[in-house]
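In what follows, a single structure is set out as structure tokens and then discussed.
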Amino acid sequence: MTLCLGNYNITATFFSDPKDEKDPKFIMPHAWSNRRKYFQQTLQLANCDVLGLQELSPEQALDLFE
């Protein structure tokens, strides 16, 4: 039996979604609202038995529970 382990850096919203419009990252397309819709597909493609998540913010954790 083979066990597939994975690790995914999700990038917490407090890093990727700045609240200040003057922050250069404010206009970047990698906001969680854009990435969230692809996350389930990414998990299915990874097809891991156990997957660890790095940089998970509380907001993202709640989204993933839904």
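The values are calculated or read from the model by the stated rules, or taken from the named source; none is laboratory data. These numbers come from a predicted model, not from an experiment. Positions of Cβ are backbone-derived with ideal geometry, glycine not excepted, and every protein chain shown enters the neighbour counts.
Data table
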read-out	value
Of the criteria (1) modelled with pLDDT under 90; (2) out of contact with any strand residue (DSSP E or B) (no Cβ under 6 Å at 6 or more places or on another chain), which one Asn9 fails	(2)
Residue, nearest to Glu59 (Cα to Cα), within the stretch 17-32, restricted to residues that are surrounded by 10 or more Cβ atoms within 10 Å (Cβ to Cβ) and at pLDDT 70 or above	Trp32
